[in-house]
Amino acid sequence: MPLTTPLTPPDVLATVDLGSNTFRLQVSRVVEDQLYPLDAMKETVRLGAGLTADKYLDDDTIERALACMARFGERLRGFSPAQVRIVGTNTLRVAKNSADFITRAEALLGFPIEIIAGREEARLIYIGAAHSLPATKERRLVVDIGGGSTEFIIGSQYKAHVTESLPLGCVSYSLRFFKEGKLTKTNFADAILAARNEIQRIAHDYTPDEWQLAVGTSGTARSLRDILEINDWSSSDITLDGMEKLRAELLRRENLKNVNLNGLKTDRVPVLPGGLAIMIAIFEELGVSKMTVAEGALRDGVLYDLLGRQREKDMRESTVLLFKRRYHVDAQQSERVQGLAERFYRMVAGEDVDQDMLKRLLWAARLHEIGLTIAHTAYHKHSAYILQNADMPGFSKREQASLATIVLGHRGDMGKMVQYVQDAALWQAVVSLRLAVLFARNRRAVVLPEKLDLKPSSSGFALTVSAGWLKQNPLTASAFRQEVGQWKNVGFQLEVVQA
C-alpha cells in the first residue's frame, strides 16, 4: 500500500530563498500576526560561482543545485500551494539558461519558482529585517550583500521608502578580484574602487541625512560582525576601523587557503574578501560609521509577505492602485471592463477556475489602458511594455509577464500572441479581457444581451448572444465577425451563436 504524505497544518508557512551563494528553506508557524520558526535548512550551493563568462550556469552547478532542490522538495511535501513561496534572485535573473533549470527545479520542489526583480528583493529584505528590529520610528538604511547583488533600502517601521539593487556580490567580487584566493593590497584596492563606482550611482539618495540607523542583513554582514567581535576588532557592531584590521590580517595571510580566523565559518571563507571589499566601499561611499546587524532577511520578508496575502494585505493590490493613479486610469471604465472580464472568465472556466489566473486577469483589466499616457496609437503595446518592465512591488517577474501578455492580447492583431501564450488558462484570460473591452467600447454603462454565454469548444470558444441584441448593435456584431477571423489566425475557432 503506497505511503501518503499527511497535510501540513494551514497555520504553517514555508519559503525557499534561492540565493546566488546559499539556498535556504524556512518553515514557520503563524501565531496571530507573528511568525515563529519551526525548521530551517541551508545549503551553500554557490550558484553564482557556476556562471560562465557568457552567463550560462555550468552543468556541475546545475546538478548540485538540483540535488538540493530534491532535498528541499521532500521537506515541502504535504504543503499546499498557498503555504509556500519560492523566490530566485540575481543569478537566476541573469543566467541565460535559468528557464531550463527552473523547469527541472520546479518538478523536484513541487511548487513554482518566482524570479523577483532587484527592487522587489530589496523590499522583501526590508520587511524581513524590520520584523527582527525594535519597532522604533527612526529611518533606517538597510544593506544586504548577497552572492550576486547588493540591496539598499531606506525605510521606517515596516515600510520601505527607497529601494535599489546593484550588481555587487560577495561571490562575483571574490571570483573577479581575488582569483585563486590571492589576497593583495592591489586586489583589495581594485575591488573597493569598483564597488564605490557602482555605489556612486545611487549615493545621492542614501546620504547620511536621509537615515539615522545603518543595518546589515544576511550572511556577509553576520559573518563580518562575528569575526570583528570575536577577535576584539569591534564590539557588537560592524565598524570601518574593525574592517581595516580584518583586511590587514587577510593581507598578512596572503592567500585564502591560509585564512582560519575565529568566528569565520568554513563555508564563508571563499566569499569573505569580496564581501569585505563591498562593505568597506559602502561605509566609505555612504558615510556609514557603524552598522548593526539584523537577523531577519529575504526569506523572513517573503514569509511575512505571504502571510499578508493570506490576511488580505496583498502588496500587489497596493501596487495596482498606485499604477492606476500614476497613469491616470479611467476608474469607471476599468471597473466596467474588470466586471465583464471576470464574468466571461468564470463562464469559460466553469468549475475549473484558476484563482491565480483570475487575479491576474482582474489586475490586467484594471491596468489595460495605462499605455494611453504614452500614446493612443498601439497603446496596448505600451501598456504591456510597462507591465513587463516596471518595478511592481509584490509581483514576481512571471506574474508581470502574465499581466503583460493578457494586456497585449486585449486588442489588435492576434498573430502576435502565439509566442507568448502557452496554457489554456492564459488563453481563457485573453479571450475574456478581449471580449470585455469589446462590449465596453462606448465607455458607458453596458446593456448586456438577455442571453450571453462563453464556453470552451473542441476547437476554441463558443460565444452565445441574443439575436435581437445583435440586430440592435450592428457595430458590435461587425466586431464579432472580425474577432472570428483574428482567432482563426492563431488556430482557434471563435463561434458566435445567435440565440
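Values in this text are rule-based calculations from the coordinates and carry no lab data. Note that the structure is a prediction, hence the values are computed from the model and not measured. Don't worry about glycine lacking a Cβ; one is built from the backbone with ideal geometry, like all the others, and counts go over all protein chains shown.
Taking all Cα-Cα distances within region 130-256, those exceeding 21 Å account for 47%. Sorted on the mean count of surrounding Cβ atoms within 10 Å across their residues, most packed first, peptides 155-162, 375-382 read 155-162, 375-382. In terms of the mean number of neighbouring beta-carbon atoms within 10 Å, the peptides 225-234, 194-203 order highest first as 225-234, 194-203.
Residue by residue, region 313-327 carries 3J(HN,Hα) couplings of 10, 7, 4, 5, 5, 4, 5, 4, 4, 4, 5, 4, 6, 4, 9 Hz when phi is fed to the Karplus relation 6.51 cos²θ - 1.76 cosθ + 1.60 (θ = phi - 60°); x denotes Gly or Pro. Here the gap between E495 and A331, fully extended at 0.36 nm per residue and compared with their Cα-Cα distance, gives a gain of 55.9 nm. Calculated [222 nm] ellipticity per residue, helices only, for the chain: -14500 deg cm²/dmol; basis is -39500 (n - 2.57) per DSSP H run with n ≥ 4, divided by all residues, nearest 500. Scoring 269-279, 8-18, 329-339, 34-44 by mean Cβ neighbours within 10 Å over their residues and listing the highest first yields 269-279, 8-18, 329-339, 34-44. With R₀ fixed at 56 Å, the C-beta to C-beta distance from E295 to D413 puts the FRET efficiency at about 0.60.
Principal-axis analysis of the Cα atoms of the chain puts helix 379-389 at an angle of about 30° to the longest axis. Amide H contacts of H131 (H built 1.01 Å from N, in plane; Pro and chain starts excluded): no residue 5 or more places away or on another chain comes under 5 Å. Taking all Cα-Cα distances within region 250-361, those exceeding 23 Å account for 63%.
Per the Cα gyration tensor, the chain maps to an equivalent ellipsoid with semi-axes of 49, 24, 21 Å, ordered largest to smallest. Between S459 and D237, what FRET efficiency comes out of the Förster formula 1/(1 + (r/R0)^6) with R0 = 56 Å and r the beta carbon distance, rounded to 0.05? The calculated FRET efficiency here is 0.25. Between helix 331-349 and the chain there is an angle of about 80 degrees, using the helix long axis and the longest principal axis of the Cα atoms.
Beyond 17 Å, what share of the Cα-Cα pairs of region 314-444 remains, rounded to the nearest whole percent?
53
Each residue of region 21-126 gets 109 Å³ once the volume of the Cα convex hull is shared out per residue. Treating r as the C-beta distance of D58 and A107 and R0 as 25 Å, the FRET efficiency rounds to 0.75. Simple spin-label estimate for E317 and R75 gives 3.2 nm between the two label positions (7 Å along the Cα-to-Cβ direction from each Cα).
Across the chain, Cα pairs under 8 Å and at least six residues apart give a relative contact order of 12 percent.
Note that region 301-386 carries a Kirkwood radius of 14.2 Å, evaluated over its alpha carbons pair by pair.
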